[in-house]
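The values are calculated or read from the model by the stated rules, or taken from the named source; none is laboratory data. Owing to the predicted nature of the structure, the values given are computational and were not obtained by experimental measurement. FYI the Cβ positions are ideal-geometry reconstructions off the backbone, even for glycines, and counts take in every protein chain you see. When the accessible area is computed, the model is the full protein with side chains, heavy atoms only, and any ligands, DNA or RNA have been set aside. Shrake-Rupley method; radii C 1.70, N 1.55, O 1.52, S 1.80 Å.
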Amino acid sequence: MAEGSEKHFVETEKMPLLLEMTRKLYLSLNIDDVVKQVLILAMQLVDADGGSVMLVDRKSKKLSIGKASRLDERYVEETVLRMGERVAGWVADQKIPVLLHGKLRDNPQFSALEGRDDVRSSLCVPVKISDTVVGVLNLNRMMDGDMPEFTQADLRVAVTFARYCAAAMQNARLCETLMNRNQQFTEQSRSLTVWLAEICHEITTPITAIKNYVKNILDGDLGEVPEKVRQRLERVSQQVDKTVGFLEELRSASARELDFQEINVALLISEALRSVEVWTEEKKLEVEVDVPGDLPTIRADNEKIEQVLVNLLRNAIKFSGESDKITVGAKAGENEIQFSVVDCGHGVSAEAVEMIFEQFYRAEESQDVPGQGLGLAISKKIVELHGGRIWAESEVGRGSRFYFTLPVRARGAQGTQKAEPGD
Ligand code: ADP
């Protein structure tokens, strides 16, 4: 009777806290963040001194530590458990939560295991999605802490919390997969437009050269031209004109894809920063914005220029160290705005700087950082399509500075139709 009423008291007292913590869990959609939050919140919820969240690898079915508190760093990095191995492996395999007191040898099923002299009491709970165990939540009260041993009521609170954790982790995983696919898709469809413009430009250049050679011959620069040759060359010249016209139509059709609007630069930068906030926060980066208040507006495709800024910012974040500083700025030049994204990350060599805007190029220094070598190539095409320039300066170990300019008013054929029907 006494024990029953105590249980009831503990659970009803913890309920508002449990709900509040669950709400917090759902705020994050990044799996590493969620795992970190799970441990922090679970420890608060049951007043644990330390613990860990272990994750089951879907392929190997082995458990490794996703996040830990008060555990030796080397142990965290090196620990990989098979199903059934030690306490967490047993819990994952049996799908049963356990409450342990004192040393493991006092518990019959774990009596053969060593260690844990400093642990007073533990909760070890499977994290399940339907009937599949995706992780194990371990929570400890230590000998040197003030709290007594965990109770059955604590175990029930932890089991309930673990159910919500599983759903939040599932959400975050799904969201990450979707975001990756969406990013790939958006990059591909954006690149199609800019590649088309690039191809047209590449073909137009040699064809125009042919037209000039023919014209020189027809003008008599190489001597008198027999009538029959003249007639043929005139036909060549007409065909070349037609092809150039066709390419020009194709190029302006793809340029028309740009949706020119009047853009407030400060707003554009803050939108881009908002898109990368999850990553700047994750790395605890200091972000400085250097934009004077009196910048003129620009005419540009808001979505595409935001994409350029996001590409540069994502790189700056990727190649920065924890707690480093990133500066994003804009300043007015003569009829143009110059944007900059500066990091003090690992940088690249002078030779690499020459190459980084090439499609699929990845500097040797960055091979262990994930990426496809496309972001900068796409950014360059977008900026050039607007009539701007893009370039970089970098030094190994000292960081990189990326700059691009955009004309205050977009140039002639580039996108006039869609945005400025009256022009
Ligand atoms: P990705 O980053 O996906 O590889 P990008 O085209 O954005 O593709 O970048 C190409 C390469 O340029 C990167 O792989 C990296 O070597 C280098 N790079 C780009 N931005 C930076 C930066 N801020 N710091 C260091 N290296 C960078």
Name the residues in the stretch 366-389 that are touching a Ser or Thr at 6+ places or on another chain (Cβ under 6 Å) and not in a loop (DSSP other than H, G, I, E, B), would you?
-> 378
Counting just the residues of the stretch 325-337 that are without any contact (Cβ under 8 Å) to a residue 60 or more places away in the chain and buried (at least 19 other Cβ atoms within 10 Å of the Cβ), which one comes out nearest to the chain's Cα centre (by Cα)?
-> 326
Note on the stretch 35-66: residues farther than 20 Å from residue 118 by Cβ, in contact (Cβ under 8 Å) with a residue 24 or more places away in the chain, open to solvent by 10 Å² or more (accessible area, probe 1.4 Å) and not in a helix (DSSP H, G or I) are 55, 56, 66
Working only within the stretch 343-363, note down all residues that are near the ligand (Cβ under 8 Å from one of its atoms), open to solvent by 40 Å² or more (accessible area, probe 1.4 Å) and of a type in the set (D, E, K, R).
-> 362
Sort out which residues of the stretch 282-296 are outside any loop (DSSP other than H, G, I, E, B) and either of a type outside the set (Asp, Glu) or at pLDDT 95 or above (or both), and write them in order of number.
-> 286, 287, 288, 289, 290
Taking the stretch 317-348 only, how many residues are of a type in the set (S, T, N, Q), within 16 Å of residue 284 (Cα to Cα) and assigned to a strand (DSSP E or B)?
-> 1
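The rows are residues; the columns are (1) touching a Cys at 6+ places or on another chain (Cβ under 8 Å); (2) over 18 Å from residue 383 (Cβ atoms); (3) surrounded by 14 or more Cβ atoms within 10 Å (Cβ to Cβ).
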{"residue": "263", "(1), (2), (3)": "no, no, yes"}
{"residue": "267", "(1), (2), (3)": "no, yes, no"}
{"residue": "276", "(1), (2), (3)": "no, yes, yes"}
{"residue": "279", "(1), (2), (3)": "no, yes, yes"}
{"residue": "286", "(1), (2), (3)": "no, yes, no"}
{"residue": "289", "(1), (2), (3)": "no, yes, no"}
{"residue": "302", "(1), (2), (3)": "no, no, yes"}
{"residue": "306", "(1), (2), (3)": "no, no, yes"}
So residue 402 fits all but one of (1) within 17 Å of residue 276 (Cβ to Cβ); (2) in contact with a Leu (Cβ under 8 Å, 6 or more places away or on another chain); (3) free of Cβ contacts under 8 Å to residues at least 60 places away in the same chain; (4) within 13 Å of the ligand (Cβ to nearest atom); what number is the exception?
-> (3)
Across (1) out of contact with any Asp or Glu (no Cβ under 8 Å at 6 or more places or on another chain); (2) open to solvent by 10 Å² or more (accessible area, probe 1.4 Å), residue 312 clears everything bar (2)
Do we have any residue at all in the stretch 101-109 that's of a type in the set (Asp, Glu), more than 28 Å from residue 24 (Cα to Cα) and open to solvent by 10 Å² or more (accessible area, probe 1.4 Å)?
-> yes
Filtering the stretch 135-194 down to residues that are among the aromatic types (Phe, Trp, Tyr) and at pLDDT 80 or above, which residue is farthest from residue 62 (Cα to Cα)?
-> 150
The one condition in (1) open to solvent by 70 Å² or more (accessible area, probe 1.4 Å); (2) within 18 Å of residue 297 (Cα to Cα); (3) modelled with pLDDT of 80 or more that residue 409 fails to fulfil = (3)
Taking the stretch 365-379 and keeping residues near the ligand (Cβ under 7 Å from one of its atoms) and hydroxyl-bearing (Ser, Thr, Tyr) leaves 366
Looking at 314, 362, 299, which one is assigned to a helix (DSSP H, G or I) and at pLDDT below 95?
-> 314
Filtering the stretch 364-376 down to residues that are under 16 Å from residue 399 (Cα atoms) and without any contact (Cβ under 8 Å) to a residue 40 or more places away in the chain, which residue is most open to solvent (accessible area, probe 1.4 Å)?
-> 364
Going by the conditions given, is residue 340 within 13 Å of the ligand (Cβ to nearest atom) and open to solvent by 20 Å² or more (accessible area, probe 1.4 Å)?
-> yes
Restrict the check to the stretch 384-393 and report whether at least one residue is open to solvent by 30 Å² or more (accessible area, probe 1.4 Å), at negative phi and either away from the ligand (no atom under 16 Å from the Cβ) or modelled with pLDDT under 80 (or both).
-> yes
